[in-house]
Amino acid sequence: MLKFDCRQLVANYISWLKDRITTADINGACEITTPFLDRHNDRLQIYVVPTESGLRLTDDGYIIGDLESSGCPLDSPQRRKLLEMILAGYGVREVENELFIDTTVEAFPQKKHSLLQAMLTVNDMFLTSKPRVASLFVEDVEHFLDESDIRFTPNVDFVGKSGLHHKFDFVIPKSRKKPERLLRAINTPTRDSATSLLFAWTDTKETRDDNSQIFAIVNDTEKPVSQDVISALQHYDIKPVLWSHRQEFIKEFAA
């Protein structure tokens, strides 16, 4: 099994972020271009706007606008409820499709991290193909856990070693037979979604029980998951669960 230094991994990740973040002054707002890619392979951008009481970080309506223009409107009560649940977990608000969060200069790093994670999560959870337009992957996973009589807590927040907060879709509590298990649903498995989870887990695992485990439930119903993504997860002790093989994990999750 591959051996690694958790602190060095976090340091490497932060260095990678710093090297790939660029900024620009756009009409008095600070445009921050991140290394994370959207489904068009464009780098995600956020904008920092001064307010009377501090700063506002915003996506300028990009994430939801892009989903709606792609045929995935968030106009049903079910979808609005899920959107509100995701945003509330990150402390992010939405008005007229704009995702934003207000902050002070001191709290900027955590708030920027929260907004970016919310953007990635909303994009991933709602980016469904036409055959599954009425079904959202995180809801599919929750339904699977319910139907399999697996106990769980949804939408859990943990503070990592770095002090940053990380969201996990579900946590299965420790039992006499099995340790605590964290689950992240990944609808569109990409290098970026894997990298985001790698950092979240590497940063979080030192604050959890030694035996805690993490599973990435990846959607492979539309196309095969890249072996690079699978290998990256496995190298860092994240167990990939292909959605098409989910029945094989019922006993492990239910124990």
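What the table below lists for this structure:
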{"read-out": "Mean Cβ neighbour count within 10 Å, used as a protection proxy, ranking 136-142, 103-109 highest first", "value": "136-142, 103-109"}
{"read-out": "Förster-model FRET efficiency, 30 Å R0, Gln247 and Thr207, C-beta, rounded to 0.05", "value": "0.40"}
{"read-out": "Of the trypsin sites (Lys or Arg not before Pro) in the range 1-52, those whose Cβ has at most 15 other Cβ within 10 Å and which sit in DSSP loop", "value": "Lys3, Arg39"}
{"read-out": "Distance in nm between pseudo-label sites at Val95 and Lys178 (7 Å out along the Cβ direction from Cα)", "value": "4.4 nm"}
{"read-out": "Most mobile listed residue (Thr221, Thr190, Thr58) in the chain, GNM with C-alpha springs under 10 Å", "value": "Thr221"}
{"read-out": "Estimated inter-spin distance, Val159 and Glu222, nm [label 7 Å along Cα→Cβ]", "value": "3.8 nm"}
{"read-out": "Under the Karplus curve 6.51 cos²θ - 1.76 cosθ + 1.60, θ = phi - 60°, whole-Hz ³J(HN,Hα) for the range 235-246, x wherever Gly or Pro sits", "value": "4, 10, 6, 9, 8, x, 10, 5, 4, 5, 10, 4"}
{"read-out": "Segments 163-173, 69-79 sorted - mean Cβ within 10 Å per residue, highest first", "value": "163-173, 69-79"}
{"read-out": "Note, ³J(HN,Hα) from phi for the range 141-156, Karplus 6.51, -1.76, 1.60, rounded to Hz, x at Gly and Pro", "value": "5, 4, 4, 4, 5, 4, 5, 8, 6, 9, 6, 7, 10, x, 6, 9"}
{"read-out": "Entries in Lys174/Lys205; Lys167/Lys205; Lys112/Lys205; Lys18/Lys111 that, when Cα-Cα distance is taken, lie over 20 Å", "value": "Lys112/Lys205"}
{"read-out": "Gaussian network model of the chain, Cα within-10 Å springs - most flexible of Ala232, Ala11, Ala200", "value": "Ala11"}
{"read-out": "Cleavage-rule hits, GluC sites (Glu not before Pro), the range 214-255, DSSP coil, Cβ neighbours within 10 Å at most 16", "value": "Glu222"}
{"read-out": "Bridge type composition, the chain - antiparallel percent by DSSP, nearest 5", "value": "75 percent"}
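Laboratory data are not the source of any read-out in this text; all were calculated from the coordinates shown. Computed from a predicted structure; not experimentally measured. Quick reminder, even Gly has a Cβ in these numbers, built from the backbone with ideal geometry, and neighbours come from all protein chains shown.
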